[in-house]
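Undergrad: Below you will find the structure I want to go over with you.
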Amino acid sequence: MSIRIKKVLLVNPPNTMPIDSVRRIGEPLGLLYLGAALKKERYRVTVFDMACEGYNNCNVKDGYVTYGSSSDDLKKAVEESEPDIVGVSCMFTAREKDTFTTCLALREMDKEFPVVLGGLHPSLFPERFINGGYADYVVMGEGEFRFVKLLQRINENRTPDFDGVAYRVGNSYEINPMMTRIDDLDSVSIPDRDLIDMEKYIRIGTPYAPFSYKQRVAQILTTRGCPNKCNFCATVNYWGRKIRARSVDNIIDEMEILKEKYNIEEVQFVDDNMTFNKKFAEELFVKMSKFNFKWCTPHGLMFNTLDDNLIKLMAKSGAYQLTFAIESASERVLKEIIHKAVNLKIVKEIVEEAHAFDISVHGMFVTGFPGETKKEIMDTLDFPFWAGFDSVSYFVVQPLPGTELYRQCKEKGYLAENFSTMDFKTANIRIPKDSPDYNIEPEELMELVDRRTREFNEWAKNQYPERWKRKFERYLNYHPENKNIIMGRVT
Ligand code: B12
């Protein structure tokens with residue numbers, strides 16, 4: 001059968017998180033990038049963000065909360081937009097179940113549109129999605145050009161046998177591994193926020209760094225890729241180790257739209273590592289100053305590249321919180337297990353430097369690696385008190401698919417293999433007590449991380465009352481019902 005595709009529906013499934021998390025929601029950048037690319041080629045595009053549309057529809061089960069539109073609401077959205085094809089995004093492994101449910105609802109409709117999946121998780125396991133009957137195609141890696149090319153092939157009734165696409169063939173499937181990435185990020189259209197109602201996200205008011213300074217927040221991505229090769233990080237193989245940056249002028253164009261069209265007051269940089277190239281970062285901070293945005297980085301920065309001048313430029317351009325992904329307080333763990341170059345000696349100095357410019361500093365730490373000793377875990381949990389951070393995320397390490405850690409754990413039989421619990425708090429690595437890699441019981445690790453988080457928060461609240469108040473003021477005024485949550489896990 002040949003179909004002619006003109007109308008595309010893009011779907012972001014509901015989201016599941018541990019019950020004690022802040023339910024965060026930001027505009028679905030990936031789908032907005034895809035939407036812009038498709039619109040440029042004259043496809044008619046609709047976006048249905050289930051996590052946002054059904055934000056207050058919460059189902060609590062086994063310590064997790066799922067929030068998002070119901071399958072019936074999705075079916076209504078499909079009936080309304082009458083798509084010729086539906087694209088579904090799945091960024092997190094922990095969201096696999098929500099994605100399966102979403103795809104099943106689409107299949108139940110007994111319509112003829114094909115289903116295409118994209119995002120990090122299906123890219124790693126295309127066969128799970130195609131074999132399970134959830135999707136007809138999986139687009140692996142960056143979707144802007146591949147999705148357009150896939151639609152062209154379908155319209156021409158030709159096999160999509162090009163790099164980064166998996167597809168069904170009878171009862172089997174064909175996988176063409178992802179070989180290329182987009183070199184010139186300026187060739188990618190700016191994400192099209194007209195495809196969603198930005199006001200809905202702004203009204204909810206809990207973006208990715210949920211304790212934002214301002215209410216009117218947008219997410220922005222300036223670079224793709226990360227040169228580090230941390231054993232637990234899923235970014236490296238997906239986005240690549242070569243950092244690709246947009247030109248500063250291209251980023252400024254997007255900021256212009258954010259300011260003029262959506263009256264945005266704060267941007268959150270969702271990059272993995274936006275200060276890697278110091279010259280690029282300096283130019284960006286100088287040029288963006290004119291917008292008077294407040295800004296922060298929900299994810300890690302390459303803090304080794306920070307110096308007086310860069311921090312000064314950050315402060316001048318509106319930075320109020322920087323996030324440093326230190327990972328471990330042990331030189332040995334950093335070098336021999338994680339494989340990340342972190343100069344622990346300068347952390348305290350840089351934190352003080354940021355404080356001198358009234359910028360808060362959030363630290364990210366990961367514990368529970370096979371081979372890490374219990375003392376090293378304890379030292380890591382103590383480190384942020386000594387270094388003087390304002391807030392911390394202590395993560396229980398996850399053996400995320402696609403990482404070196406996953407491969408090792410699988411090889412050694414340590415995997416708990418529960419994709420649904422690959423979040424920040426559940427221990428998913430099981431090490432036999434007689435193994436040289438053994439350190440701590442999973443339950444003890446989870447309890448320890450939780451307790452130290454609360455102790456750190458008490459400490460920071462007393463240590464930095466002004467910055468503490470500033471961090472939570474907007475959020476607590478807006479969401480007073482979540483008063484207790486902030487003593488738990490914060491970012
Ligand atoms: C911003 C971000 C967040 C935000 C939320 C993002 C969101 N949308 O919900 C916050 C800060 C809340 C967050 C939290 C977490 N995150 Co996070 N996060 C990111 C980050 C840095 C950027 C995501 C992003 O916006 N990318 C940019 C957009 C443009 O990319 P994209 O959506 O993937 O879309 C592109 C392609 O994937 C593809 N595509 C996507 N969808 C589709 C659909 C179709 C049909 C097609 C054709 C193509 C396609 O095309 C798009 C354009 O090129 C990524 C790392 C990264 N660089 O991607 C980690 C990342 C996604 N996070 C990760 C993790 C582990 C988490 C946490 C579990 C961390 C924790 N321990 O708590 C939580 C879980 C949150 C949850 N369950 O909701 C991992 C995921 C790995 C995995 N296998 O699960 C990543 C890869 C980071 C890492 N270091 O490994 N995160």
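Undergrad: Consider only pairs whose beta carbons are under 7 Å apart and that are at least six residues apart or on different chains; among these, list those whose first residue lies in the range 82-101 and is farther than 13 Å from residue 234 by Cβ and whose second residue is within 11 Å of the ligand (Cβ to nearest atom) and of a type in the set (Phe, Trp, Tyr).
TA: Listed by first residue and then by second, the contacts come to 87/147; 96/419.
Undergrad: How many of the residues in the range 149-182 are of a type in the set (A, V, I, L, M, F, W, C) and more than 29 Å from the chain's Cα centre (by Cα)?
TA: Qualifying residue count, the range 149-182: 2.
Undergrad: Could you tell me whether any residue of the range 131-148 is within 11 Å of the ligand (Cβ to nearest atom), over 26 Å from residue 15 (Cα atoms) and modelled with pLDDT of 95 or more?
TA: yes
Undergrad: Going by the structure shown, is residue 308 in the same structural domain as residue 215 (by TED's automatic domain parsing), touching a residue at least 60 places away in the same chain (Cβ under 8 Å) and away from the ligand (no atom under 16 Å from the Cβ)?
TA: Spelling it out, it is not the case that residue 308 is in the same structural domain as residue 215 (by TED's automatic domain parsing), touching a residue at least 60 places away in the same chain (Cβ under 8 Å) and away from the ligand (no atom under 16 Å from the Cβ).
Undergrad: Same structure, new question: If you go through the range 256-274 one residue at a time, do you hit one that is modelled with pLDDT of 95 or more, touching a Cys at 6+ places or on another chain (Cβ under 6 Å) and under 21 Å from residue 91 (Cβ atoms)?
TA: Scanning the range 256-274, I find at least one residue that is modelled with pLDDT of 95 or more, touching a Cys at 6+ places or on another chain (Cβ under 6 Å) and under 21 Å from residue 91 (Cβ atoms), so the answer is yes.
Undergrad: Let me ask something else. Which of the residues that make up the range 439-491 are among the aliphatic types (A, V, I, L, M) and over 19 Å from residue 394 (Cα atoms)?
TA: 476
Undergrad: Given the condition touching a residue at least 60 places away in the same chain (Cβ under 8 Å) and either small (Gly, Ala, Ser) or in contact with a Gly (Cβ under 9 Å, 6 or more places away or on another chain) (or both), answer yes or no: does some residue in the range 171-178 qualify?
TA: no
Undergrad: Which one of these is polar (S, T, N, Q), crowded, with 20+ Cβ neighbours inside 10 Å and in the same structural domain as residue 372 (by TED's automatic domain parsing): 428, 462, 477?
TA: 428
Undergrad: In addition: Any chance the range 317-326 includes a residue that's touching a residue at least 12 places away in the same chain (Cβ under 8 Å), outside any strand (DSSP E or B) and touching a Ser or Thr at 6+ places or on another chain (Cβ under 8 Å)?
TA: Among the residues of the range 317-326, at least one is touching a residue at least 12 places away in the same chain (Cβ under 8 Å), outside any strand (DSSP E or B) and touching a Ser or Thr at 6+ places or on another chain (Cβ under 8 Å), which makes the answer yes.
The values are calculated or read from the model by the stated rules, or taken from the named source; none is laboratory data. Small disclaimer: the values here were computed from a predicted structure and weren't measured. Note that we place each Cβ from the backbone using ideal geometry, even for glycine, and neighbour counts take in every protein chain shown.
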